[in-house]
1. Quick one: with label points 7 Å out along Cα→Cβ, list the inter-copy distances for A:Ala127 in nm, shortest first?
2. With each pseudo-label sitting 7 Å past Cα toward Cβ, what's the A:Glu59-B:Asn72 distance in nm, one decimal?
3. Which three lengths, in whole Å and largest first, does the stretch A:127-189 cover when its Cα atoms are put on their principal axes?
4. At A:Met99 and B:Asp170, where each label point lies 7 Å from the Cα along Cα→Cβ, what is the point-to-point distance in nanometres?
5. If you filter the stretch B:148-191 for chymotrypsin sites (Phe, Trp or Tyr not before Pro), then keep DSSP loop positions with at most 12 other Cβ within 10 Å, what is left?
6. When each copy gets a label point 7 Å from Cα toward the beta-carbon at B:Ala29, what are the spacings between them in nm, shortest first?
7. Using a label point 7 Å beyond Cα on the Cα-Cβ vector, give me the inter-copy distances for A:Asp12 in nanometres, one decimal, shortest first.
2 protein chains.
Amino acid sequence: MNTDGGPRLRADAIQNRVRIVAAARAAFASDGLDVPMNEIARRAGVGQGTLYRRFPTKEALIDEVFADHVENCVNMVSAGLRDPDPWRGFCTVIRKMAMALSSDRSFAVVLTTRVTDESSVRSGRRAVETLLGELVRRTQVAGRLRADFEPGDIVLTILANDGVAAAVPDPRAACERLTAYLLRAFEAGIDTNALPTAIAVGLDDLRPPTRSGATGRDGAGSEPERRGRGR
Amino acid sequence: MNTDGGPRLRADAIQNRVRIVAAARAAFASDGLDVPMNEIARRAGVGQGTLYRRFPTKEALIDEVFADHVENCVNMVSAGLRDPDPWRGFCTVIRKMAMALSSDRSFAVVLTTRVTDESSVRSGRRAVETLLGELVRRTQVAGRLRADFEPGDIVLTILANDGVAAAVPDPRAACERLTAYLLRAFEAGIDTNALPTAIAVGLDDLRPPTRSGATGRDGAGSEPERRGRGR
DNA sequence: TTAGAACCGGACATGGCTGTCCACTTCCGC
DNA sequence: GCGGAAGTGGACAGCCATGTCCGGTTCTAA
């Protein structure tokens with residue numbers, strides 16, 4: 001994966017780099033992209049200096065960590081596309097995506113927003129979009145997916161799952177259920193009521209999260225604390 | 001609304017208080033709860049000192065601003081409950097909720113997470129939940145809502161809409177479409193396939209949006225902690 | 001073995017946010 | 001009017017985030 005064309009690193013530096021990436025991967029998955037850099041350094045057992053030497057910005061680290069995540073995503077959609085039963089393939093892709101989103105808090109962010117601007121993540125994302133487009137068309141041709149379904153509806157599905165996963169204590173179960181509902185709605189059937197106009201957004205058109213709320217509120221009593229110059 | 005039992009305020013102070021609340025309402029709606037306090041003060045045309053004199057913490061301000069939002073929500077659900085056609089009432093409530101979520105970025109946060117701990121928002125939220133439970137049961141009895149639909153699925157709907165609204169450039173259209181899909185899936189019909197197990201969460205069981213960790217997989221090498229070679 | 005380049009850790013600079021303090025100003029009862 | 005309590009604005013403290021710097025350490029090539 002890491003075919004980084006950079007200058008050869010010293011043996012110990014390579015070790016540390018690997019450790020950093022592993023720590024970052026775990027940290028992002030469990031705590032989201034908000035996890036501080038020094039926390040990642042701590043988990044990796046290196047100093048901040050070392051971390052920033054390898055990855056000049058947080059963005060660079062995110063990019064490295066998620067390049068292969070996106071690649072996995074590409075593979076997943078490709079696999080669904082090769083399923084002889086289009087509808088089953090479609091459902092599998094949607095379900096697997098939902099699972100990935102529910103188990104990794106940062107996945108949706110990386111997949112949908114431009115946290116990194118000039119990156120392999122970005123191109124991978126485009127690949128995903130193209131493949132999803134094919135998947136949709138193929139399933140519609142087979143007659144199992146609503147004719148008015150649009151690729152943008154998959155973005156909708158991703159974001160919906162993300163919203164659920166971000167707040168619920170058991171994201172897996174919740175996302176499974178949401179996905180089951182959505183797949184039911186996506187299937188071609190008797191109901192031919194027109195849908196509201198489709199949203200014309202791709203994965204690149206989304207705005208950054210800012211997950212509002214965040215009034216501090218770590219849970220551990222971080223009350224105002226009266227720390228002024230006492231008087 | 002503001003039946004604040006505090007001491008009588010001076011005329012100019014009342015003016016400023018009103019201005020602050022109005023500015024906060026607008027700011028929260030458009031920018032989310034992350035908007036800084038001094039930005040709110042600026043918009044209200046007052047100093048920070050004044051703001052903090054009226055509302056000792058940001059939490060208190062949020063509480064004040066959203067008490068009536070939640071009240072509106074209660075009224076909305078009540079209205080749906082009085083619709084002679086249960087299914088139509090149900091759909092109206094879900095749609096209106098989605099609209100509210102899509103037009104006010106902070107609404108979902110206030111509705112679903114405990115940003116404020118001891119507050120009228122909290123009790124209003126419980127009222128909303130009770131009413132939603134009735135709404136669900138009533139619609140099921142009328143035979144138009146799936147028998148295996150659960151009140152928790154409305155929470156799912158709220159969170160899903162929130163996820164979409166947070167990221168998409170035109171939240172209104174996107175939420176409308178998502179809601180149309182979901183309502184289709186919720187309706188009782190020919191499809192009697194079992195759903196995955198329901199999620200047993202209420203509005204109060206949700207975790208804050210940021211930094212709560214533990215997506216159910218923390219054990220993955222969390223703390224190598226090898227801490228420095230000799231030196 | 002050894003010299004020096006690469007590497008290391010952690011202190012520090014910077015900036016944004018919440019919340020505090022206080023010297024000054026304004027309203028309002030008498 | 002006038003005196004004082006209530007009110008005001010903005011400087012400032014403390015915290016936590018990203019990213020920088022540098023004195024000391026360690027790998028490695030010769």
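1. List, nearest first: 5.5 nm.
2. Between A:Glu59 and B:Asn72, the simple spin-label model gives 3.7 nm.
3. 38, 29, 14
4. 3.5
5. none
6. Its label point is 4.2 nm from the equivalent points in the other copies.
7. Those label-point separations list as 6.6 nm.
Only the coordinates and a few stated rules stand behind these numbers; no lab work does. Worth saying up front: this structure is predicted, and the values here are computed from it rather than measured. Because the Cβ atoms are built from the backbone with ideal geometry, glycine has one as well, and the counts that use them run over all protein chains shown.
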